[in-house]
Structure formats: structure tokens, C-alpha cells
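The values are calculated or read from the model by the stated rules, or taken from the named source; none is laboratory data. Since this is a predicted model, take the numbers as computed values, not measurements. Methodologically, a virtual Cβ is constructed for each residue, glycine included, from the backbone with ideal geometry; neighbour enumeration extends over all protein chains shown. Areas reflect the complete protein model, heavy atoms only, side chains present, ligands, DNA and RNA absent. Shrake-Rupley method; radii C 1.70, N 1.55, O 1.52, S 1.80 Å.
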Amino acid sequence: MRKSSIDYSIVEDIPQVLPVLPLRDNVIFPYMIFPVLVGREQSIEAANYSIDSSKFIFLATQKNADVEDPTQDDIYREGTIARIIQILKLPNGLLKILVDGLLQGRIKKFKKNDEFFEAEIETVLPEEENKREINALVRQMNKAFKEYVKMNKNIPGEALSAYENIDEADRKLYYVAANIAQSIEIKQSILEQTSLKSQLYEVMRILNSEIDILKMEKEIEGKVHENISKAQRKFIIQEQIRILNEELGEGEEDVSPEFAKFYEKIEKAKMPKEIKAKTIEEINKLKKIPSSSPESTVLRNYIDWMVNVPWSKKTKDNLKIDNVRTILDEDHYSLDKPKDRIVEHIAVLNLVKKMRGQILCFVGPPGVGKTSLGKSIARALDRKFVRISLGGVKDEAEIRGHRRTYIGSMPGKIIQSMKRAGTVNPVILLDEIDKMSADFRGDPSSAMLEVLDPEQNHTFNDHYLDVDYDLSQVMFITTANVKYNIPLPLLDRMEIIDLPGYLEHEKVQIAKRHIIPKQLTAHGLEDKKVKFNDEAIGKVISQYTKEAGVRNLEREVASLCRKTARDYVAKIDKTQKAPARVLIDEAKVEKYLGVPKFRVQKKKDSATVGSVTGLAWTSVGGEILHVDVNIMNGMEKLTLTGQLGDVMKESAVAALSYLRSNAKELKLGVNFHKNKEIHIHLPEGAIPKDGPSAGITMTMALYSAISGKPAKSDVAMTGEITLRGNVLAIGGLNEKLLAAQQSGIKTVLIPKDNEKDLIEIPKEIKDGLEIIPIEFIKDAFKYVFPRTRAKRTVTRKKK
């Protein structure tokens, strides 16, 4: 056997500096003639340069095939020196070149070339080796390669014939390396060896590893085939027995306990005819399938769902209006609008017995009782209650279910809830419907459209059950924090009932009727004569919580109860006698809860120039809002501070424009703004503020600063303004009036358009307030600025 077939005369012809062609997903070895498709601009330049010069080129593989524009660091240093035999230009601009691998080479260093990669190449020639050791290694490689080709179905038999016609050791080595199905990194490791012996050892290691893997795959395939054959044999025998039994007229009466139970449940469920027929058909299929088959598990689960979902069982509604009203009042204080809507629904049910009504959607901030109101409705109607949390649901299959295509398939949340309820007419609360979102798995809000449409949900189709299911008798109630986050088609199917949050007097009643009794019981103090006075409750609400709901109030009451229990037990341990009575007053509230977290805003003590009190709405209630204005010498500009939003900034500009356009009528002087810098500031600058309702307040504050007239400290106002001096309606009047009352304000100016809203404002809020509706800005001046009596001047005639 010849050791090498290298033509050493070629070595002298190869230039020391060659263009480098980076290869993707391929390693080309010496003695290989291989077509290469070239498309990158720098690779085309390298190929063209090689053709025009010596036709020699260096082929090196990229470390990462995904890199589109490789750098020097992205290319392996070891590769193959090749000659371009043929080049073909394709219509799409690509080049197809045929290369002939000549010698193994290594990049010593790259040359600077902006058009293509060019490097100084070192030729790697085979060293003199021990012929006997090389021959032994080649024999071992022959034996291993023959075994590998026989076991690997992807390599054609002709490859072995071609291999046996090669005599030279190095050519045999590179032929085997080229035909091993392995990764780029493994193949590259062969080129990294510098001697023929080390390369042969590397190829043998790779071959033996591949042969071991192929043997293992064959063994696994044999075991799987054997198991399948056993299952098929068992199935065939079972089918033969079944057919023989049918021929003999036997076997029909012998129903297994499992199937007997299924038939019994089908009869009890009182399914519709077509659904009953489908379920029985699935049971007959299950009988024919071996229990060891995966399909058997899927079918068994499906039948189990079909017989356990309620089809006809329902609870009898309690339609007595007085009972419904009593339960709703027991569970919740206030919330009159939602309660009235529920009573109306029950009244209609009394008359028509069955109604496909509008879906109710309770919208309001956290903690106002949306979820608990749903529970109360179910209790009032004597219906089953199920809550479905939709927060974070992104997959449509969560609503409609997964198709019956794999073992883990199951129905969606709607059918699961019906199974939990066990009746066809439960109350289902879809909580946080505004928190659903969509991704690549579908849009669950679109799947909810059919569920919440009274005209469609009597034929709701869950992907798993794949039959029509009647949801028309279900009372759906949804909840949301912000209605604008609900998709419009879904919003259109629901009746929105706003729960705006509790006012302070309502929170006092909720604390006395619900929270305090509940927490006293929870902390073992219900029979210990522990009392909370109204002042203590009011202090907790106003100085330790700031919220629309009552969750934080419940936490603070729980904290008071814990500390009371601690002192109660400590006193018993010390005196061996239980206290006669424990009173929680304002002093104990501050002792137990520490320094108040929030301060109660108060009106200013005296009239001040350039400072006017407004009213603002926040998500946790109303507040008074001070607007301060200073006028200084300087450039003519308007400065606004206090974290104001765009709408509020526009209100300030509108206020200044109104005063400038009406300066003569208001006796301000036409050029009052000349060489003056006007600064408007709203205190508590860290809190963002926005909205148009501070327009009238800013107008009055600007007028006060310009005219030098002090504004009354016990007058507050709210209203949006126009450039023509109109005062427009605002929202949140309930909360704003309460804030004025708590702050000691006596007079409140509101827009004329809001006068009709006063009918629905509770009397407790309006007590002590003089509420004055105004239509134009000019109507407000006489209430904000006290009249000063002009001094009488006497003019005497000269004699």
C-alpha cells in the first residue's frame, strides 16, 4: 500500500498568499472534487481573483453557519488548498464553482484586503510515519467503515466499492472523513491533526462512536417493533373472539362494570338525542380498542367528560324579590344601582320564567366588592356559584378547549366550570375580563364573544367536546377595573354597571356592619366587649387608608384587633381577670397603628392673593387642590409646575387667554402681561395631575394675582372653561363635594350643567355646603372675591 499520492511538484506552484473562501455547513477535504455555490459579494470577488491569477484558493469552514458577514475570528484556521476546475455564472447572479481539494493547509495570518479574505497559507505535508502502524490502522479503518456503511441506510452501497479501489492511506482517510454523517465541529477536528497517524486515530474514534449509536438505535427499533407486534396480535385475537361471540349470539349481555357505569350515567344525564348517540358511539369504539393503546386513554377521558358535564340538571331559582333585596343588603352596604339592576332582572324572570338577558359587567377600582357582589347574587337566587379568573389568560384554548389530538387534551375553562357547578344554570363570574391578552396561540377575548352573546351561546362549541352545549341558562357576570381595556366587540355584549368606589360615610357603615364584626370573630374577640367608636373608625379611614375600596381598611382593622388581642391576653396574665370593656378610640388607633400615613387637607385660614382652592377627583376619592400664581418682572412667558398633564396645561393657557381677551371688561389693564413672567404652581408636585376641571380655578387664581385681590379661603370650585367664558360639566361631583365638606369649605361653585346631578348626591354629603351652579366665568367673581366698600370722596367747591 502506498502511503501518499501527493504530487510534490504542485507544492512549488502554490502561492504563499491565497484568497480564502469561507464555507457554510460543509468541510472539504483533500482529494475531493466538490461543487460550491457562491453568493456573498466577498466570496465572488475571491473566486474571480483566483480564476484570474493562479486558480488556487483556500477553503476554510465558518464556525457558525448562521453568520451572514463573517469576520476573521468566525473562520477556522485549518482548511484545504484547492484548485478551481470550472466556474459557472448562474442567471440569479450566483457562481457555481467546481473545486478540486489538493492539500491540507493552515492560515498563518490574514492579509489586509477590503474586497475579500486573503491570507498567508502554510502547507501541511504528511510526515514520515511507521509503515507497519499505519497499515494496521488502515486495516482497522477498512473494517470499521464497511460495518458503518452496512448499518447506515443513508450511504449508498457504491460508496464502499469506490473506497475499495483506493490504494493510498491518506486518500482512504479523507474519503472516510467525507462520508461520515457528523457535525462540522467533528469533521473539522480531523483537519486539525497534523500527522497521518493522529488523523487515522481520530477517524477511528469517530467511526466507532457512530457504530455504537447505530447499534443502539437498531436495538431500540427492534424492541418497539416487538411491542407493537404483541399489541397487534392481542388486538387481532380480541377481534376474533368478539366476532365469534357475535356469531354464537353471546357476549352482548356481558358488559364490563366500567361500561355499565358509563351507560348508567348517560341515562341519568338526560342528554339531547344527538349527543347521547355520539357518546354511545364513542363507547362502542372504546370497546374495540385494546386498553394498552394510547387512543384508549384519550377516548376514556372524553367519555368521562361527556357523562359528567351537566346536560339537564338545574337548581330551582328563588325569585322572591324581597328575599333577593334582603340578601343583597345583608352582604353589601350602598351599591344601590347594581342592586336595583339585579332586582329588575329577577322581576322579569318572575313574569317570563326564562330570559336571555344582557350580560352584566361590574366596572370599578379594586376592593369595591365586585366579586363578592357576584357571590351574593348567586346566594340570593339559590344558584351554584363558580368564579373563573381571566387575568393573564393568553391562549384561546383556555376558553374553547384543546382538540382531541393528544393525551393531555381537555375542555376549556367554561366547560370545566359547568362540570364544577354540576347544573346548567349556575352564576359564573368571569373575573378581571379586562386583563386578557393575545399572543401567537390566539385571542381569548374573541373566543369569549360567543360565550357572552345571548343569541349564540345556546350552541357554544368547545373544541374538546366537539358538540353544541347550551349556555343560555347560565347567568354570566363579568368584572373589570377599567372598561377601556375591554375589546369593543366584547364590551358591546355587556351592560356596564359602574362601581365608582365608596365615600367616607359609606366606609364607616361598611366597617361597622361588616368589617369589624368579621375581624372580631376572626381574632377571637367577638364576645370580649370590644367596641370601636365612630371617631376611631373615621380616623382609620381618613388618616391610615387612601383607596376606593375597603381592602386596606380591613387590613388596618385586622391590625387593631391583633394588638387589642395581645393587650387583652397580657392583662389577663397580669391581673388574672378579664377587662370589663375595651374601647378602641382615636388615641388607641394612633397608639396601635403609629403615626398617621395620610393627612386630612384643610382649607386655608385666610384669604390670599394669587391662591384659590379647587376640587379634584382621584381614583381613591376626591381632594381639594390649591392653585398658586405669582407674577414677576421678566420675559413674557407662562411657567407651569407641579407635574401637570397636557390637558391641565392647556386649561392654564385657556385661562390666561380668557383674561387677556377680557382685560378691559375685568379692569385688569390691557397690557398687564407686558414684561411679566407668570408662574402657576399646584402643590404636591410629586403627584401627577391632569384633567380639564381645574380651568375655572386657574382663571380665578390668575385674576387674583393680576388684580391683587385676595380670594376667599372657604370657597372651592370645579369646572372646565372655554375661551368664550363658558363653564362646562365635569365628572366625579360626588367625591369632590365630599372632599370640600371634609376640608371645611362652605361654598362650592359647580358648572350649571352638573346641577341635575345633585339629585343623586346623598344628603349627608350636601349638608353644610352652599352649592352654587354657574354658567359663565364672570358669574363666579362675586362669590370668590369679597366686595370692598369704596371710600366716599367729597369734592368741595372753591369759593
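Could you name the lysines whose alpha carbon sits less than 22 Å from that of Lys285, not counting residues in the same chain fewer than 8 places away?
Candidates past the 8-residue exclusion: Lys230, Lys234, Lys261, Lys265, Lys268, Lys270, Lys273, Lys276.
Can you sort Lys712, Lys270 by solvent-accessible area, 1.4 Å probe, largest first?
Details: Lys712 75, Lys270 145 Å².
So, going from the largest accessible area down, we get Lys270, Lys712.
Summarise the long-distance tail of P(r) for segment 638-760 by giving the % of C-alpha pairs beyond 23 Å. Before the final figure, lay out the partial values.
Values: 2524 of 7503 pairs.
Result: 34 percent of Cα pairs exceed 23 Å.
Just to verify a number: what accessible area does Ile184 come out at with the full protein assembly present, 1.4 Å probe, Å² rounded to tens?
Taking all protein chains as shown, Ile184 has close to 30 Å².
Taking a quarter of the surface of the Cα convex hull of segment 310-404, what do you get in nm²?
On the way: hull surface 32.5 nm².
Approximately 8.1 nm², given one-decimal rounding.
Kirkwood Rh over Cα pairs of segment 576-623 into Stokes-Einstein at 25 °C, 0.890 mPa s: D in µm²/s? List each step's numbers first, then the result.
Values: Rh = 15.4 Å.
Stokes-Einstein gives a translational diffusion coefficient of 160 µm²/s.
Given the C-alpha atoms of the chain, compute the convex hull and give its volume per residue in Å³.
Working: hull volume 315.5 nm³, N = 799.
Cα-based convex hull of the chain, divided per residue, equals 395 Å³.
Go through segment 130-226 and name the trypsin sites (Lys or Arg not before Pro) that are in a DSSP coil and have 11 or fewer other Cβ atoms within 10 Å of their Cβ.
Details: sites: Lys131, Arg132, Arg139, Lys143, Lys146, Lys150, Lys153, Arg171, Lys172, Lys187, Lys197, Arg205, Lys215, Lys218, Lys223; in loops: Lys153.
Hits after loop and neighbour filter: Lys153.
Solvent-accessible area of Ser707, probe 1.4 Å, all protein chains present, reported in Å² to the nearest ten, please.
Approximately 40 Å² of Ser707 is accessible to the 1.4 Å probe.
Give the cross-link partners of Lys766 among the aspartates and glutamates, using a straight C-alpha distance below 13 Å as the criterion and excluding same-chain residues fewer than 8 apart.
Straight-line reach from Lys766, under 13 Å: Glu735, Glu755, Asp757.
How large is the helix-only mean residue ellipticity at 222 nm for the chain, computed as the sum of -39500 (n - 2.57) over DSSP H runs with n ≥ 4, divided by its residue count, in deg cm²/dmol to the nearest 500? Could the numbers behind the result be given before it?
Numbers: 27 runs with 332 residues, N = 799.
Computed mean residue ellipticity for the chain: -13000 deg cm²/dmol.
Sort Lys109, Lys339 by heavy-atom solvent-accessible area, probe 1.4 angstrom, most to least.
Working: Lys109 110, Lys339 5 Å².
Most to least solvent-accessible, the answer reads Lys109, Lys339.
Select from segment 31-130 those chymotrypsin sites (Phe, Trp or Tyr not before Pro) which occupy a DSSP coil region and have at most 12 other Cβ atoms within 10 Å, ordered by residue number. Before the final figure, lay out the partial values.
On the way: sites: Tyr31, Tyr49, Phe56, Phe58, Tyr76, Phe110, Phe116, Phe117; in loops: Tyr31, Tyr76, Phe116, Phe117.
Here no chymotrypsin sites (Phe, Trp or Tyr not before Pro) fit, given the DSSP loop and packing criteria.
List the GluC sites (Glu not before Pro) within segment 617-720 that fall in a DSSP loop (any state other than H, G, I, E or B) and whose Cβ has at most 16 other Cβ atoms within 10 Å.
Hits after loop and neighbour filter: Glu636, Glu665, Glu684.
Give the long-range amide H neighbours of Thr639: residues separated by 5 or more places, or on another chain, with amide H under 5 Å away, using H modelled in the peptide plane at 1.01 Å from N.
Amide H neighbours of Thr639, under 5 Å, 5+ apart: Ile678, His679, Ile680.
Using a cut-off of 30 Å between alpha-carbon atoms, which lysines can reach Lys667, once sequence neighbours fewer than 8 places away in the same chain are excluded?
Within the straight-line limit of under 30 Å, Lys667 reaches these lysines: Lys603, Lys604, Lys637, Lys649, Lys676, Lys709, Lys712, Lys746, Lys752, Lys778, Lys782, Lys791.
Would you check the accessible area of Met635, probe 1.4 Å, heavy atoms only, in square angstrom rounded to 10?
150
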